[in-house]
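The values are calculated or read from the model by the stated rules, or taken from the named source; none is laboratory data. Bear in mind that the values here come from a model prediction, so they are computed numbers and not experimental data. Heads up, the Cβs are rebuilt from the backbone with ideal geometry, glycines too, and the neighbour counts pull from every protein chain shown. Quick note on the areas: whole protein, heavy atoms, side chains included, nothing else; ligands and nucleic acids left out. Shrake-Rupley method; radii C 1.70, N 1.55, O 1.52, S 1.80 Å.
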Amino acid sequence: MAEIKGEHNVHVVSEEEPVSAKPLPNKPKRVASLDIFRGLTVALMILVDDAGDQWPVIGHAPWNGCHLADFVMPFFLFIVGMAIPLSLKKIPNKLLAVKKVIVRTLKLLFWGLLLQGGFSHAPDHLSYGVDVKHIRWCGILQVIDFDPLFPGYFGRRIALAYLVVSLVEIISRSGQARDDPEHTNLSIVKLYYWHWLVAACIVIVYMTLLYGIHVPDWTFTVHNPDSIYNGTTFTVSCGVRGKLDPPCNAVGYIDRVVLGINHVYKKPAWRKSEACTMKSPYEGPFKKTAPAWCYAPFEPEGILSSISAILSTIIGLHYGHVLVHLQDHLSRLKQWILIGLALLTLGFVLHFTHAIPLNKQLYSLSYVCVTSGAAALVFSAFYVMVDILGLKLLFVPLKWIGMNAMFVFVMAAEGIFAGFINGWYYDNPQNTLIYWIQEHVFIRVWHSTKLGMLLYVIFVEILFWAVIAGILHQLGIYWKL
């Protein structure tokens, strides 16, 4: 799967594009800020995944609210959207473009299934294979659900968003001159009005189902050998519609009916809520008075929430169109920053007026607005610092990660390399090289598990793999889909 390329300045962005055998004149300069933004997002994923247990503020919010981990997946969707017009603009033939999109979507799904069915690691052991009776159908990369923070990235949900938005981009192409230098902010919106119509349809469908579906009472059986309630069947009382609380929302109901309750996530973030455990916001033993739904599964990457997630990619798509059509920095930044601020404002208003709470599990409309607005402003800041002011050296590690994101994701975020190292131990499974480094180089030196694990993740996982990605970059080796 590795693709070997020389050092060419032929890309508009970090998405791969066909390279002609002969150099083309006036090729656009690579937008380094998009590589750096992608690298930051991968680094954040590693950070919140491996240090989130020790630092709840960077882990997922138990239900309503938005912590650092809750920005990662929308950032990826935003980046995917930005890259779509940049990667498809060189393919004028619609059939060839559709073929490329379908092949790439299948690759995303293939890697998800490969990782789910093959190798996974947990903190104190290795495990292989998947029990298909309880396989998790959804998930960002469709990997096994041992991880309470991130099941993975680049896959099932992103594949759906990429497929839908790319096909809309291809099908809605018109005969207009899309490289017209006279394009304005308003003309870009008009030119791609079909994308906004699709976004409006998604909002209508999502809101109608979220608030209109009647959620009846439901039952589930605990499948957890470590629980005293293993094998016990609970009943959750609902009989309502329009509720956005953990047990009785339409998002969970649709997944239980369509996917089956045995095929959704067994360790949802709500297990860390105050209603469930006295150790909240940490995960811990459940209260004796914990409601039944605390023991229940819930799919945070389910059907209805994945439909809403497409909105993040459509917003990113517009930012990619601005990058393609507007040629001067000021015009680009005006539109990017104004839209980003507008999205943030709308999202916070919806949340703090209690109209629509910020909720990653439901992928609520306020959550779409806040996370997409944040992505817009973060990318704009990188664009100013890197592509305008030329401060590239400050962000070289992130750039290297962003240019080899798939490699770093598989080796670091999915823990393939760490799992391999932990497979070799002396005397007992806890006595491995990785655990020795964590304990003796970081935790004991800083006399703090929290600080030690944070520094371990930053230096041994993020910076280490940034250096490896940099070496691969110097060799012209990139792992791409």
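Conditions first: (1) farther than 20 Å from Leu68 by Cα; (2) crowded, with 21+ Cβ neighbours inside 10 Å. Tyr363 passes all but one, so which condition is the exception?
Condition not satisfied by Tyr363: (1).
Which residue pairs have Cβ atoms under 9 Å apart, sit 6 or more places apart or on different chains, and have a first residue in segment 267-296 that is under 14 Å from Phe220 (Cβ atoms) and a second that is crowded, with 19+ Cβ neighbours inside 10 Å and among the basic types (Lys, Arg)?
Here the result reads Cys294/Arg271; Tyr295/Arg271, each pair linking segment 267-296 to a residue that is crowded, with 19+ Cβ neighbours inside 10 Å and among the basic types (Lys, Arg).
Hey, can you tell me all the residues within segment 245-260 that are within 16 Å of Gln361 (Cα to Cα) and either open to solvent by 30 Å² or more (accessible area, probe 1.4 Å) or of a type in the set (Ser, Thr, Tyr) (or both)? Even if it seems obvious, please write down each step before you answer.
Start the filter on segment 245-260 by keeping residues that are within 16 Å of Gln361 (Cα to Cα), which leaves 245-256.
If the condition is that a residue be within 16 Å of Gln361 (Cα to Cα) and either open to solvent by 30 Å² or more (accessible area, probe 1.4 Å) or of a type in the set (Ser, Thr, Tyr) (or both), then Asp245, Tyr253, Arg256 are the ones that fit.
One residue is enough: does segment 67-82 have a residue meeting the conditions over 13 Å from Ala159 (Cα atoms), over 15 Å from the mean Cα position of the chain (by Cα), open to solvent by less than 60 Å² (accessible area, probe 1.4 Å) and in contact (Cβ under 8 Å) with a residue 12 or more places away in the chain?
No, segment 67-82 has no match at all.
Do the conditions hold for Val240, that is, is it of a type in the set (A, V, I, L, M), in contact (Cβ under 8 Å) with a residue 60 or more places away in the chain and surrounded by fewer than 17 Cβ atoms within 10 Å (Cβ to Cβ)?
Spelling it out, it is not the case that Val240 is of a type in the set (A, V, I, L, M), in contact (Cβ under 8 Å) with a residue 60 or more places away in the chain and surrounded by fewer than 17 Cβ atoms within 10 Å (Cβ to Cβ).
Of all residues in segment 385-432, how many are farther than 17 Å from Asp35 by Cα, free of Cβ contacts under 8 Å to residues at least 60 places away in the same chain and hydrophobic (A, V, I, L, M, F, W, C)? Write out each step before concluding.
Initial filter on segment 385-432 (farther than 17 Å from Asp35 by Cα): 410-432.
So of that shortlist, the ones also free of Cβ contacts under 8 Å to residues at least 60 places away in the same chain come out as 411, 417, 420-421, 424-428, 431-432.
Cutting the leftovers down to hydrophobic (A, V, I, L, M, F, W, C) gives us 411, 417, 420-421, 424.
Number satisfying all stated conditions: 5.
Against the definition (hydrophobic (A, V, I, L, M, F, W, C), open to solvent by less than 40 Å² (accessible area, probe 1.4 Å) and not in a helix (DSSP H, G or I)), how does Ile401 come out, yes or no?
Values: hydrophobic (A, V, I, L, M, F, W, C): yes; open to solvent by less than 40 Å² (accessible area, probe 1.4 Å): yes; not in a helix (DSSP H, G or I): no.
No, not satisfied.
Cβ-Cβ below 9 Å, separation at least six or inter-chain, first residue in segment 339-360 and more than 18 Å from Asp70 (Cα to Cα), second assigned to a loop (DSSP other than H, G, I, E, B): which pairs?
Val349/Ala355
Which of the residues spanning segment 409-431 are in a helix (DSSP H, G or I), touching an Asp or Glu at 6+ places or on another chain (Cβ under 7 Å) and farther than 27 Å from Tyr478 by Cβ? Before the answer, list the steps.
As a first pass, look at segment 409-431 and keep what is in a helix (DSSP H, G or I): 409-413, 416-422.
Then drop every residue that is not touching an Asp or Glu at 6+ places or on another chain (Cβ under 7 Å), which leaves 412-413.
None - no residue of segment 409-431 is in a helix (DSSP H, G or I), touching an Asp or Glu at 6+ places or on another chain (Cβ under 7 Å) and farther than 27 Å from Tyr478 by Cβ, so the list stays empty.
Only one residue in Leu463, Leu472, Leu481 is at pLDDT below 90 and either within 19 Å of Ala418 (Cβ to Cβ) or not in a helix (DSSP H, G or I) (or both), so which one is that?
Details: Leu463 fails: at pLDDT below 90; Leu472 fails: at pLDDT below 90.
Going through Leu463, Leu472, Leu481 in turn, just one is at pLDDT below 90 and either within 19 Å of Ala418 (Cβ to Cβ) or not in a helix (DSSP H, G or I) (or both): Leu481.
With the condition kept exactly as written, say whether any residue in segment 368-386 is part of a loop (DSSP other than H, G, I, E, B) and under 28 Å from Asp245 (Cα atoms). Lay out the reasoning, then the answer.
Our first condition is that a residue be part of a loop (DSSP other than H, G, I, E, B); within segment 368-386, this holds for none.
Checked segment 368-386: no residue is part of a loop (DSSP other than H, G, I, E, B) and under 28 Å from Asp245 (Cα atoms).
Any residue at all in segment 407-430 that is surrounded by 15 or more Cβ atoms within 10 Å (Cβ to Cβ) and in contact with a Lys or Arg (Cβ under 7 Å, 6 or more places away or on another chain)?
no
Which residues, taken from segment 460-480, are farther than 20 Å from Ala51 by Cα and either among the basic types (Lys, Arg) or open to solvent by 30 Å² or more (accessible area, probe 1.4 Å) (or both)?
Step one: filter segment 460-480 for residues farther than 20 Å from Ala51 by Cα, giving 467-480.
Val467, Ile468, Ile471, Leu472, Gln474, Leu475, Ile477, Trp479, Lys480 - these are the residues of segment 460-480 that are farther than 20 Å from Ala51 by Cα and either among the basic types (Lys, Arg) or open to solvent by 30 Å² or more (accessible area, probe 1.4 Å) (or both).
For segment 432-451, does any single residue satisfy the condition of being touching a helix residue (DSSP H, G or I) at 6+ places or on another chain (Cβ under 9 Å), part of a loop (DSSP other than H, G, I, E, B) and open to solvent by 80 Å² or more (accessible area, probe 1.4 Å)?
The answer is no, given that none of the residues of segment 432-451 is touching a helix residue (DSSP H, G or I) at 6+ places or on another chain (Cβ under 9 Å), part of a loop (DSSP other than H, G, I, E, B) and open to solvent by 80 Å² or more (accessible area, probe 1.4 Å).
Assuming Ala355 fulfils every condition listed in (1) surrounded by fewer than 15 Cβ atoms within 10 Å (Cβ to Cβ); (2) part of a helix (DSSP H, G or I); (3) hydrophobic (A, V, I, L, M, F, W, C) apart from one, which condition is it?
In the conditions (1) surrounded by fewer than 15 Cβ atoms within 10 Å (Cβ to Cβ); (2) part of a helix (DSSP H, G or I); (3) hydrophobic (A, V, I, L, M, F, W, C), Ala355 misses (2) alone.
Considering only segment 273-323, state which residues are open to solvent by 30 Å² or more (accessible area, probe 1.4 Å), under 19 Å from Ala199 (Cα atoms) and over 15 Å from the mean Cα position of the chain (by Cα). Can you show your working first?
From segment 273-323, those open to solvent by 30 Å² or more (accessible area, probe 1.4 Å) are 274-275, 278-283, 285-289, 291, 293, 295, 303, 307; that's our starting set.
Those still in the list that are under 19 Å from Ala199 (Cα atoms) too: 303, 307.
Result: Ile303, single match.
Here are some residues: Val103, Val80, Val143, Val165. Which one is modelled with pLDDT under 85 and among the β-branched types (Val, Ile, Thr)? Break it down into steps so the answer makes sense when it comes.
Working: Val103 fails: modelled with pLDDT under 85; Val80 fails: modelled with pLDDT under 85; Val165 fails: modelled with pLDDT under 85.
When all the criteria are applied, what remains is Val143.
Mind listing whichever residues of segment 42-59 are assigned to a loop (DSSP other than H, G, I, E, B) and either under 17 Å from Ile401 (Cα atoms) or open to solvent by 10 Å² or more (accessible area, probe 1.4 Å) (or both)? Steps first, answer last, please.
We begin by selecting, within segment 42-59, every residue assigned to a loop (DSSP other than H, G, I, E, B); these are 52-59.
Asp53, Gln54, Trp55, Pro56, Val57, Ile58 - these are the residues of segment 42-59 that are assigned to a loop (DSSP other than H, G, I, E, B) and either under 17 Å from Ile401 (Cα atoms) or open to solvent by 10 Å² or more (accessible area, probe 1.4 Å) (or both).
Please indicate, with yes or no, whether at least one residue in segment 194-214 is touching a Cys at 6+ places or on another chain (Cβ under 6 Å), farther than 30 Å from Val322 by Cβ and open to solvent by 80 Å² or more (accessible area, probe 1.4 Å).
Just the residues of segment 194-214 that are touching a Cys at 6+ places or on another chain (Cβ under 6 Å), to begin with: none.
For segment 194-214, residues touching a Cys at 6+ places or on another chain (Cβ under 6 Å), farther than 30 Å from Val322 by Cβ and open to solvent by 80 Å² or more (accessible area, probe 1.4 Å): absent.
State whether one or more residues within segment 317-324 are within 21 Å of Asn249 (Cα to Cα), among the hydrophobic types (A, V, I, L, M, F, W, C) and touching a Leu at 6+ places or on another chain (Cβ under 7 Å).
Initially, segment 317-324 is screened for residues within 21 Å of Asn249 (Cα to Cα), giving none.
No: segment 317-324 contains no residue that is within 21 Å of Asn249 (Cα to Cα), among the hydrophobic types (A, V, I, L, M, F, W, C) and touching a Leu at 6+ places or on another chain (Cβ under 7 Å).
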